[in-house]
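One structure is given below, encoded as structure tokens.
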Amino acid sequence: MSTQINQTNQLRTYLFTLTPIIGAVLSTATQLRLGALPLGIGELILLIWACIFTVHIVRTRQKITPVEALFTTLICFYFTCLLLGWITALTLNHWHGVDGEFHILSAAIFTSSIAVLSLISSTRFSATQYLKRVTLITCIPVTLLILILLLKIKIPGLELFYAQVRYFGWSTNPNQFALLVAPLPFFLIGLIHQSPSIQHKVIYALLLLPVLYSGLIIQGEALYIAWLCGMIILLTPRKITPIALTAIAFAILFIIMTTVINIDLILEKLYYMFIFGDQGNVRLTLWANGIEANIQSPLFGLGPGAYSGISAPFQGSEAHNNFIDLSTNAGIPTALTFISGLLLILYKAMKEKIYWAAAATVVLSIFIFFHIMTRQPIFWCYLIVLIRITFWPAAGKPAGETN
């Protein structure tokens, strides 16, 4: 009887912890959605899991730890400011209730709920175990998609390149797939450093190849900059350790692959962006107009919506900067709180000499400096990995469950 109970608890542990990871990864497969439906298979998995897991938490009266309580409190603070910002926008006649604003609000509610529940479910594994599962589950589709590309396998409904130039895997937006691969090199380096098994080290090292190749052919400037800054963190002069040697090898491999595979495409892309396409100036203009809109309500923001524009504020465009858009939606204090959280993770990782985690934090922070990604479940999945590694490495026993 005791063995059966243990097996049931173990199965429940795996289902509750692995399901949100799988759902978050599949939520980036936007090409696989049916028609124009806003929800794909990943979002449906997350929605069903969230309902079941919430009932389980209530039924077992699971206790909330201080870290979970703080995380939940910050989410509640965000929505309080978002509500006050919405009231402010109504007062200033800047909120019109268009579909885009409701989409932003619903996505924020959905993703925030998933983030809180995922953090609670992650405690069933240690931080290292959770890191390993997140990394491997994410690397599986990344590797399979590269094999499909290299073997030239045709799958109906799946286009691997955007305008035959930028690789976007199974997403409809190259930047969404770029987020999927962004921290993976540094997660794999961390696993190589931590694993006592030579066989596992070799597997993690081999998984670096499809991840790096995917990042290179995505041709995302934000991803390149983020990876470069992450490598700088890893290569900061210190005592030569195995992780430092791994980072050096990673850097050399990255440079060689970049040079051999698509240096001409990168140069052409940079020329188009800054000279022909003038995207650099457009991005700066969006940032400036987003900040100008934020000045209208700096304390609580203007609620859910897109308040920047090409020629002036309030033209229905996002600023394409997560920190500016967050400030515009929920106020400067909310944005500063979010930035402080990222800096705290970075500080703790550096203090504990978990340099790969520090590098991954920098990568995510820089990447969202150029894109709006906090509405993506996979972003919070990665952030939870970093929270667990830096602040909560041990597994916690869920209250109300039988050993």
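The values are calculated or read from the model by the stated rules, or taken from the named source; none is laboratory data. All of these numbers come straight from a predicted model, not from anything done at the bench. Note that each Cβ is placed from the backbone with ideal geometry, even for glycine, and that neighbours are counted across all protein chains shown.
When segment 184-218 is filtered for residues that are out of contact with any Leu (no Cβ under 7 Å at 6 or more places or on another chain), of a type in the set (Ser, Thr, Tyr) and either under 15 Å from Leu136 (Cα atoms) or in a loop (DSSP other than H, G, I, E, B) (or both), the ones remaining, listed by number, are Ser195, Ser197. Tallying residues that are surrounded by fewer than 12 Cβ atoms within 10 Å (Cβ to Cβ) and part of a helix (DSSP H, G or I) within segment 53-75 yields 6.
Residues being modelled with pLDDT of 85 or more, under 24 Å from Phe338 (Cβ atoms) and in contact with a Leu (Cβ under 8 Å, 6 or more places away or on another chain) are entirely absent from segment 92-107.
Among the residues of segment 364-403 satisfying the criterion of being among the hydroxyl-bearing types (Ser, Thr, Tyr) and either under 13 Å from Leu342 (Cβ atoms) or in contact with a strand residue (DSSP E or B) (Cβ under 8 Å, 6 or more places away or on another chain) (or both), which is modelled with the lowest pLDDT?
The extreme case among them is Thr374.
Please verify whether Ser327 is modelled with pLDDT under 90 and either acidic (Asp, Glu) or buried (at least 19 other Cβ atoms within 10 Å of the Cβ) (or both), treating the condition exactly as stated. No.
Does Leu180 qualify as being in a helix (DSSP H, G or I), more than 18 Å from Tyr382 (Cβ to Cβ) and out of contact with any Cys (no Cβ under 9 Å at 6 or more places or on another chain)?
Details: in a helix (DSSP H, G or I): yes; more than 18 Å from Tyr382 (Cβ to Cβ): no; out of contact with any Cys (no Cβ under 9 Å at 6 or more places or on another chain): yes.
No; evaluated as a whole, the condition is false for this residue.
Residues being farther than 16 Å from Val25 by Cβ, assigned to a strand (DSSP E or B) and touching a Gly at 6+ places or on another chain (Cβ under 8 Å) are represented in segment 150-171 by at least one member. Is it fair to say Thr361 is under 15 Å from the mean Cα position of the chain (by Cα), modelled with pLDDT of 85 or more and part of a helix (DSSP H, G or I)? Yes, satisfied.
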